[in-house]
1. Report whether or not residue 212 is touching a His at 6+ places or on another chain (Cβ under 9 Å) and at pLDDT 95 or above.
2. Give the residue, chosen from 214, 275, 195, 226, that is surrounded by fewer than 24 Cβ atoms within 10 Å (Cβ to Cβ), in contact (Cβ under 8 Å) with a residue 60 or more places away in the chain and closer than 13 Å to residue 92 by Cβ.
3. From 102, 135, grab the single residue that is of a type in the set (A, V, I, L, M) and touching a helix residue (DSSP H, G or I) at 6+ places or on another chain (Cβ under 7 Å).
4. From the list 369, 364, 352, exactly one residue is within 21 Å of residue 33 (Cα to Cα) and part of a loop (DSSP other than H, G, I, E, B). Which is it?
5. Take the residues of the range 9-33 that are without any contact (Cβ under 8 Å) to a residue 24 or more places away in the chain and not hydrophobic (A, V, I, L, M, F, W, C): which is most open to solvent (accessible area, probe 1.4 Å)?
6. When only residues in the range 50-64 that are of a type in the set (A, V, I, L, M, F, W, C) and open to solvent by 30 Å² or more (accessible area, probe 1.4 Å) count, which is nearest to the chain's Cα centre (by Cα)?
Amino acid sequence: MSAPGIDPAPDVSDEALQALRGDALYCNVAGSGPTFPVAQDAAERFRRWLNAVGMFGHEGYDAYNAALAAAREDLAEFVGDPGGASRIALLQSATEALNVAIAGLELDPGTTIVTTDEEHGSALLPILARAPQGIAAHVVPADDVREALRPGRLPRGARALVVSLVSCKTGKRLPAEDAVALARDAGLVTIVDAAQAAGQVPVDVRGLGADAVALLGHKWLHGPLATGALWVRDPATFVPRRLGWRSSVGHDLAGRIDLQPDATRFETGTVDAPAFVGLRQALAVHHALGTRVARRIRTLRDRLFDALVELPFDLRSRREDPTGIVSVTPRHGDAAGIVARVWSDDRVVIKLLEEKGAPDGIRLSFWALHREADIDRLAASLARHARVPA
């Protein structure tokens with residue numbers, strides 16, 4: 001019996017794609033999107049089969065490698081690089097992908113990595129970790145990133161740019177293409193974090209023009225946990241800092257290491273191949289959904305904004321952005337208390353945003369499977385718990 005595959009024409013009805021039990025309202029898709037049942041089923045079918053034949057037996061090992069190769073092919077096509085499987089490294093998360101790319105930058109002491117104030121810690125921390133090597137972070141406001149990259153504005157020693165396609169903090173669709181073009185004209189290596197983009201807005205690596213793009217499967221793609229990837233224009237741009245048996249085609253005890261000629265040089269060892277089968281199935285769902293996700297997010301975002309303007313919150317997000325992420329700051333404070341009470345009293349899941357030097361905020365994130373009634377329930381709960389105490 002051959003290894004089980006994926007369904008190329010899955011059922012994409014709301015009922016088929018809904019994984020949640022329905023006893024709570026989940027509005028933290030930006031943290032993790034529940035895995036599509038069809039993707040979970042595909043992963044588990046392959047996992048059971050692989051376990052039955054023995055993963056490192058002849059039959060199992062061939063199927064294991066074939067599943068990973070198919071995942072690279074599908075991911076490359078999904079991000080606008082058909083035939084570009086050699087430019088995809090399969091990793092556990094966007095965090096790992098960003099660490100691989102940022103640590104892999106060949107930079108001299110005294111140089112600088114430019115980034116924005118709306119980046120996730122998974123991008124900022126690897127940048128800051130290079131400080132002991134004499135490499136500085138230059139953080140600019142996300143709204144001003146284009147101006148900061150124009151000739152004459154760049155800090156001395158700037159050698160790289162790290163920027164998100166969609167902000168994890170506000171849901172803004174950042175001007176990544178313009179920023180990358182300006183950075184490349186200035187000779188910078190460019191890395192784009194697409195963790196909050198893939199699955200809700202198009203990701204086109206060729207259109208972005210970046211040297212590397214970090215991805216993951218478990219947020220807006222609704223694939224399994226521990227699935228991520230790094231797309232690289234040219235693998236030689238980055239130096240692998242961790243090596244394993246998947247990274248090389250050979251080595252000797254004299255210190256010679258022949259790296260894989262493609263992006264698999266950034267892969268180190270055994271990965272959860274069944275999870276990547278599930279991710280392939282999730283990508284097939286998105287192909288079938290087409291523009292439905294974008295249309296629903298636009299409708300629900302407008303409905304939420306209409307409700308929020310009547311409530312005691314300051315909006316951190318912009319109505320016009322095409323994403324399911326909306327962030328607010330309670331005018332009377334107590335963001336942590338609101339988040340806790342919204343859950344304990346109303347069974348609604350939202351995210352507390354804590355940042356040094358700024359008031360605490362709240363992030364609300366929804367997807368196409370949410371209904372208008374869900375947005376109304378969320379707004380009503382916020383209205384109840386954001387009132388000024390008597």
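The values are calculated or read from the model by the stated rules, or taken from the named source; none is laboratory data. Just so you know, these numbers come straight off a predicted model, no measurement behind them. Every residue, glycine as well, gets a Cβ built from its backbone with ideal geometry; the counts of neighbours run over all protein chains shown. Surface areas here come from the heavy atoms of the whole protein model, side chains and all, with no ligands, DNA or RNA. Shrake-Rupley method; radii C 1.70, N 1.55, O 1.52, S 1.80 Å.
1. Spelling it out, it is not the case that residue 212 is touching a His at 6+ places or on another chain (Cβ under 9 Å) and at pLDDT 95 or above.
2. None of the others qualify; the one that does is 226.
3. The unique qualifying residue is 102.
4. 369
5. Of everything passing the filter in the range 9-33, 21 is most open to solvent (accessible area, probe 1.4 Å).
6. Among those residues, the one meeting the criterion is 55.
Listed here are the residues, each with its yes/no results for (1) in a loop (DSSP other than H, G, I, E, B); (2) modelled with pLDDT of 95 or more; (3) over 25 Å from residue 118 (Cβ atoms).
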site: 246; (1), (2), (3): yes, no, yes
site: 254; (1), (2), (3): yes, no, yes
site: 276; (1), (2), (3): no, yes, yes
site: 281; (1), (2), (3): no, yes, yes
site: 287; (1), (2), (3): no, yes, yes
site: 297; (1), (2), (3): no, yes, no
site: 303; (1), (2), (3): no, yes, no
site: 307; (1), (2), (3): no, yes, no
site: 310; (1), (2), (3): yes, no, yes
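Yes or no, residue by residue, for (1) charged (D, E, K, R); (2) at pLDDT below 95; (3) closer than 28 Å to residue 346 by Cβ; (4) open to solvent by 50 Å² or more (accessible area, probe 1.4 Å):
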{"position": "7", "(1), (2), (3), (4)": "yes, no, no, yes"}
{"position": "35", "(1), (2), (3), (4)": "no, no, yes, no"}
{"position": "42", "(1), (2), (3), (4)": "no, no, no, no"}
{"position": "48", "(1), (2), (3), (4)": "yes, no, no, yes"}
